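Everything below concerns the one structure shown next.
Read-outs: derived from the displayed coordinates by stated rules, not from any lab. As the structure is a prediction and not an experimental result, all values here were calculated from the model. Positions of Cβ are backbone-derived with ideal geometry, glycine not excepted, and every protein chain shown enters the neighbour counts.
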Amino acid sequence: MTTTHFLQRFLGGLCLLSMASFATAKATVEDYGYPITDRFVATVVGTPEGYEADLPKSIPFKKRRIDIFPDRQLPDLVWYGHEMIYAEVLQDRPAPLIFLIAGTGAAYNGGKNVNMAKAFYKAGFHVISLSSPTFPNFVTSASTTGVVGHSEKDAEDLYRAMEMIIARLGDDIEVTSYNVTGYSLGGFNAAYVSKLDEERKSFNFRRVLLINPPVSIYNSISLLDRMTENIPGGEDNFNQFFDKLVKAFSKIYKDSDEIGGDFLYQAYRAMNLQDEQLAALIGVSFRMSSGSLVFTSDVMTDFGYVKPKGLMLDRYANLSEYNQVMGRLGFTDYYHDFFYPFYKEQYPNMSRDEFITAISLRTIADYLKSSTKITVMHNENDIILEPGEIDFFNEVFGDRATIYPVGGHCGNMNYRDNVAHMVATFTEGVQ
Amino acid sequence: MKSIMLRVCVLAPALLLAACSSTPPPKPETVYPEPVFAANRVVPAGSVPITEVYDPWEGMNKRIYNFNYHFDQWVFLPVVRGWQAVVPEFARTGVHNFFENFRDVRTMANSILQLSPQKFFESTGRVLVNSTVGLFGVIDVATAMDIPKPDEDFGQTLGYWGVGTGPYLVLPLLGPSNVRDGVGLYPDFVLQNYIQGDLLSKPLRASAFLFDSIDTRENTSFRYYETGSAFEYQTVRWLYSTKRELDVEK
């Protein structure tokens, strides 16, 4: 096992779990076999071995780079971020194409996107895997403003990138239909991308699947931010909490021969973590990924959020201080003290609260209601939804929403029934 | 052969000196407006970040980090891609197993030094099986037989005997390390070279180092700067340090 694998597993353990509610909606899925009923455990652990879909071990997942804004001058600190990195997995015959959009802070090559790519490639699709607009590389290379989290602007940036990728592929592939899906924030993005496509008509998406999307971004990030309140003794005791976790983790690491597929599940069981600790862990990992995102935006725009305005940091600069400050700030701070002031001029008639709450699927509920190509796959016990928010999906999508009784936030995405559901969503009715 | 490794070892301090001598002269202080969230208001005085690692040579380390990226782009990764294009997968797996067999020998030696009979017997079992039934290590029969594969090196041996890590160090071409682990590379290298010297003819020995390097890079998925995060350097630094700490305890 290489260091990198360890890094991926350990931080994967912390980071992949991007993000879940006291659900009131009634379960629509009978005899559901996903084994983890606790919503925090499901979110962190995912799908245990033996329950996963049968997917190919390797697929031709090719990393690609594309220069979206050739004339853009990047600050020296993020000099490496000029080209957007994504991946394509192509069939050698005419096939439908599907775009995958990753969740908060996640990359095109994160575990969930790679698993989806395997499932869709196996089902005969061309696959284009994209990072979330909240992934730092997207901010530096593909975001027009450098300040992400804005539903329409993120959709436009994604759409532009998709168009350029397809234009570049040109005659290399034959596409029979275009489709899009995404999980978590990526599902939210997919809804807005689909709406934009109704005007632009570059793709005329055949099907759109939203997997565990938030309803209101602000509500979801507030929930995630508040999870750090579960740190025993409060934030000032974070170091002790974290030390304890690392120690417990190291004990399991020592006893295990290799960090294999089930490592996280075993680690969770051996560590005997309580829900509060898991919530704290989720909150911390969310903060880590939002920290590097927001700092990237600050550097790109010279806004003066944590870095003094006008101070040009070079690629060798010591960033400890900024890293430490970001560790203390939530994503909600970003929306109030960076995002809103940054966009204020463009929306003079909207109050701060109106502006922030408008970033929601409710804003486009009419479109979602009438657009039969869009379907939703969600979990009743998702941790990123406020109590009652799950009902939004049943109300708006009706029988186009499938709400699984358990699974937490995206924990069941790799469960065999869910994978079959995802694939069937896009293969139904295709010759 | 040895001289290549020696040069690598010598290069690090040389670069250190270069970095020190190129420190720019102090400029007149520019006063910048305070950001929305300034450290002195947000971070309690005296608090230490959990991911702190002793890194007095950060400036030099970041320059080597940067150099490694460029070496990857222009030399290392193109060579790896060429290797993958020319050599079929089963042959690459054979080469990989061949070098892994030497890593098991390294673990044998370091298990003795760490007074660990269990690891010694496991690694010895692997080497015996793989060197014979596995045709000089080309086929990894031991893993198929479920013989555990402990991984010990001289850096960990030093750690076992209580030697501290010293400052964090980014090694040219090799990446994250620290003074202790960097020093530990040398005895391990001498050992591997000694055994290969017995086994391989001279031209083969020379190419062994090259193929070992290509194989190692091929099997290391890490790519510099690809997390996109401006904090990547310190995240990698912390992860490496934590991982090594756990490895020493393991």
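Observations on the model:
- Debye intensity ratio in log₁₀ form over the Cα atoms of the range B:162-241, taken at each q of 0.12, 0.14, 0.23, 0.25 Å⁻¹: -0.49, -0.64, -1.15, -1.23
- Tail fraction, Cα-Cα pairs, the range B:70-228, threshold 29 Å, whole percent: 22
- Mean projected area (nm²) of the alpha-carbon convex hull when the range A:315-431 is viewed from all directions: 12.5
- Ranked A:V423, A:V45, A:V175, criterion: other C-beta atoms within 10 Å, fewest first: A:V175, A:V423, A:V45
- Ranked for footprinting exposure by Cβ neighbours inside 10 Å, fewest first, B:I50, A:I359 give B:I50, A:I359.
- Prolate/oblate/rounded call for the range A:99-169, Cα gyration tensor, a/c under 1.5 rounded: oblate
- Top of B:D146, B:D188, B:D55 by mean-square fluctuation, Gaussian network on chain B, Cα under 10 Å: B:D146
- Furthest towards positive pole of dipole, A:S351, A:S371, A:F339, structure part the range A:339-385, Cβ charges: A:S371
- Convex hull of the protein assembly as shown built on C-alpha atoms - directionally averaged projected area, nm²: 31.4
- Checking every one of the chymotrypsin sites (Phe, Trp or Tyr not before Pro) in the range B:66-168 against DSSP loop status and a limit of 15 other Cβ atoms within 10 Å picks out B:F136, B:W161.
- Trypsin sites (Lys or Arg not before Pro) restricted to the range A:180-222 and DSSP loop, no more than 10 other C-beta within 10 Å: A:K201
- Rounded to 10°, Cα long-axis angle of helix B:89-113 versus longest principal axis of chain B: 80
- Unit Cα scatterers, Debye sum, the range B:21-156: log10 I(q)/I(0) for q = 0.16 Å⁻¹: -1.00
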